Every structure is written in C-alpha cells, then in structure tokens.
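Peer 1: This is the structure, below, for whatever I ask next.
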C-alpha cells in the first residue's frame, strides 16, 4: 500500500501585498541567516508526519510531500493520504483533501487545527486524528488496513514520550531545509490566553530521555553534514534539572542549535554558562509586551519581570547567545504609540532579532472565545491567520492602523542602519569572549 504524508503550502507572508513584498525582500537579502525574520523556519518539516511515518507498518510505501517545496501530482495513485496543518494551512489542506477524495482516495487530517476544529475538519476527510499521533495512528492505520476506518480517532491521555518512536528523518533528504526540527518535550503549564498548545499537548510537562534525544540528533548528523537543530518545544527549559542535563549532553555532539524559552532562563547563571559551549546560537524568548496592563491578560507572572527585561537580555547576549525577542501588537492596552515603544526597546537593548506578530485569535484559545463574545472577530478566513494579518477589531486603534504600524515597525528594525548597529554590537561581544578565552588558556 502507498501512503502520502503531506504538508500543505503555508501562507507565510500574509494577504497584504506590501507586507508580503517586504518579507520576501528581507529573506532574499538574509538567506544566510535563518533567524531574520522567523518566517524562514515556518516551512520546516512536519514532525507530526515523521512520527506518523515511524508508526506505520513497514509494508507501506511512504512518500513525504512538502508543498512549500514541490507541487502535488494528484494523478499519482495513493491508497491513503495523511495531512497535518496549522491554522494558516487549513484552507489549503481542505482543498488537497477534497481533490484526493474526489478521486476516491481515503484522506486523514490531523495536526493542531484539526484537533481544535474536529467538526470542520471532518467535512473534508474520511477520518480526523485528534491530539497526539502516538495515541491515534496505530489504531487508525490498523482499521484502514482492515477496511473499517472510523470517523474520529482521539488521543485521551498524554503520551509517554519515552515510548515515542524516532521520527523518520530520512524522508526529508530531498528538501533543502534550513533547520531540522527536534522535539524533546511536550506540554506547557503556562496556558496563555492566545496559545492553543495546551489544548493539543496538555498542561503536564513531559520529556524524552536524554539518550533518546541524542540518538535523534546523531541520525540527523548522519543525513546532513552540518545540520542546524531547531528544538520545537514550546519551552524547553521548564524542567530545569532535565534542561541542565540535556545541555551538558548536547555539548558532546558539536551541533549548532536554537530553542524557545521564557525569560526565567536569564536567572539561571549556571545554565547560561553551559549554553554557548553546547552549541546554542540563539534563544527565542517571548517578551510579548512592555505594558503591565496587557501582561495581566497574557502572562500574569511576568508583570514583575518587565523592569528586569534589559538586565536579562544583557546577561544572555553577553555570553554570545543572540535573543530573538517575540512581541505581540494589538493587545487591548496598545495604541499607536506601541510601535515607537517597541522600536526603542529593541534598539536600546540591541536584540539580535525580533519577531513582531499581530495578536491572532486562533481557534481553541481563550482569546478567540473572548473576542467572539465581544463581537470583535472580523474574519475566520484561515488563510489570514498568519500572525501578520489583522483579523479582529483592536481596542485603541483601527485594524488598518494596526496593520500599517506592524509593517512600519518591521521596516525600521530590519533597516540597514538598525541591523548594522546590532551586528556591530555582537562583533564586540564575540571579540570580548575570544579575549577572555585566550586569557584563560595562558
């Protein structure tokens, strides 16, 4: 039997031609740097589909297709098609599913969007896999082989990640991915209003074994000569003893990597000292907002940390680890002054890079429920749920002002002058670190 595992084409740059043009121009000028801006990694491989591949019986012929890199040939005959999609990919996923079903091919849809929108997804698929694949795919593929595919397969308990199979990374070799994703943990206790991760993975924080992670990376190193690892965890450092052990182990592999963290990592001097030597180049840290009023809705525990942001940034970046700071615009306390405030903060602290996203009411989040109840949702056209399109009515500015202000802020922080200042700052840091290293060896 032949199984196609398909990542639908993403809407990476939004619906506004000016915004899309800006991002494409930036990417063409910074192709050597996978962090500027963050959209380069959006077209990375689907770990969910690679796990599905690992859970599939060996007598299946597997074909992995990433529509961001190649067109789908609907004339190729498959016995089963499996799609995984984020919200901004959902519309395209449904189009692909509908076309294959028109050709009498069975279709399964899973992923984050299908998990929180199962009824909608079910109108385009023969089966919907809800939640974690390790708990749904074995029964689903068994039923398919027996000709008794059910409509819904639901993960009802958190997966023991120690039993999660190694993703089938060899299926990716035909694509020129700038980063290879690895997942070490799942679950997040923060339960932010705007995030759907806890709906999919739950609030319980779980992790793979250290040797399990190292084995995955060794496989990747065997497939690519100089891979750059992007850890896909929402917050890899929540379990600090585990994080310390993992970072120590990573230092033995001579691999370069990046990961997501909250800013509490800046308070752990011992862990920070280990990070650079382990191959960590950049940390993606969610600052979200500089407004205490906004922080009440976003991360109540961070309110007392806002004044410490500059010190934390300096402490991390002084070790040669760049910070990609993540900020959200369009929160209820934001007026048009937010763009100037963020620009000043980013430049005063010389952040290595910045991701500025428009507040996006993703399905399955408390944010969406709140905005729906207030009648503030403008559209549910999933192609616009890109984090650069405005899909709701802000409180203190118009949707048009929010859209224009976001683009103007990106143009300022990624201007030639701004990037030159940041790069000069980091060259000074690297020189200082080399002098310190040489001095310690004498």
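The values are calculated or read from the model by the stated rules, or taken from the named source; none is laboratory data. Computed from a predicted model, the values in this text were never measured in an experiment. Cβ sites come from the backbone with ideal geometry, for glycine too, and all protein chains shown count toward neighbours.
Peer 1: Go through (1) assigned to a helix (DSSP H, G or I); (2) within 18 Å of residue 285 (Cα to Cα); (3) in contact with a helix residue (DSSP H, G or I) (Cβ under 8 Å, 6 or more places away or on another chain) one by one and return the number of the condition residue 355 breaks.
Peer 2: Going through the list (1) assigned to a helix (DSSP H, G or I); (2) within 18 Å of residue 285 (Cα to Cα); (3) in contact with a helix residue (DSSP H, G or I) (Cβ under 8 Å, 6 or more places away or on another chain), residue 355 breaks only (1).
Peer 1: Given (1) buried (at least 17 other Cβ atoms within 10 Å of the Cβ); (2) in contact with a strand residue (DSSP E or B) (Cβ under 7 Å, 6 or more places away or on another chain), identify the lone condition not met by residue 378.
Peer 2: Exception for residue 378: condition (1).
Peer 1: Please enumerate the residues belonging to segment 279-319 that are without any contact (Cβ under 8 Å) to a residue 24 or more places away in the chain and within 21 Å of residue 335 (Cα to Cα).
Peer 2: The answer is 292, 295, 296, 300, 303, 306, 307.
Peer 1: Only residues that are under 19 Å from the mean Cα position of the chain (by Cα) and either assigned by TED's automatic domain parsing to the domain that holds residue 382 or modelled with pLDDT under 90 (or both): list them for segment 2-22, please.
Peer 2: The initial filter retains those residues of segment 2-22 that are under 19 Å from the mean Cα position of the chain (by Cα), namely 6-14.
The answer is 10, 11, 12, 13, 14.
Peer 1: Here's a follow-up. Residues that are buried (at least 20 other Cβ atoms within 10 Å of the Cβ) and on the phi < 0 side of the Ramachandran plot: which helices (runs of 4 or more DSSP H) entirely in segment 86-169 hold 2 or more of them?
Peer 2: Ranges flagged: 90-102, 112-116, 133-145.
Peer 1: For the condition outside any helix (DSSP H, G or I) and either at negative phi or in contact with a helix residue (DSSP H, G or I) (Cβ under 8 Å, 6 or more places away or on another chain) (or both), what is the one hit in 423, 397?
Peer 2: 397
Peer 1: For segment 333-348, give me the residue count where each residue is surrounded by fewer than 20 Cβ atoms within 10 Å (Cβ to Cβ) and in contact (Cβ under 8 Å) with a residue 12 or more places away in the chain.
Peer 2: Qualifying residue count, segment 333-348: 8.
Peer 1: Follow-up. Hey, does segment 403-417 have a residue that's without any contact (Cβ under 8 Å) to a residue 60 or more places away in the chain and touching a strand residue (DSSP E or B) at 6+ places or on another chain (Cβ under 9 Å)?
Peer 2: No, the conditions are met nowhere in segment 403-417.
Peer 1: Provide a single number: the residues in segment 164-196 that are within 16 Å of the chain's Cα centre (by Cα) and within 20 Å of residue 68 (Cα to Cα).
Peer 2: So the count comes out to 6.
Peer 1: May I ask you to list the residues in segment 57-71 that are part of a strand (DSSP E or B) and under 11 Å from residue 45 (Cα atoms)? Talk me through it step by step, then tell me what you get.
Peer 2: Looking only at segment 57-71, we keep the residues that are part of a strand (DSSP E or B), and these are 61-66.
Of everything in segment 57-71, those that are part of a strand (DSSP E or B) and under 11 Å from residue 45 (Cα atoms) turn out to be 64, 65, 66.
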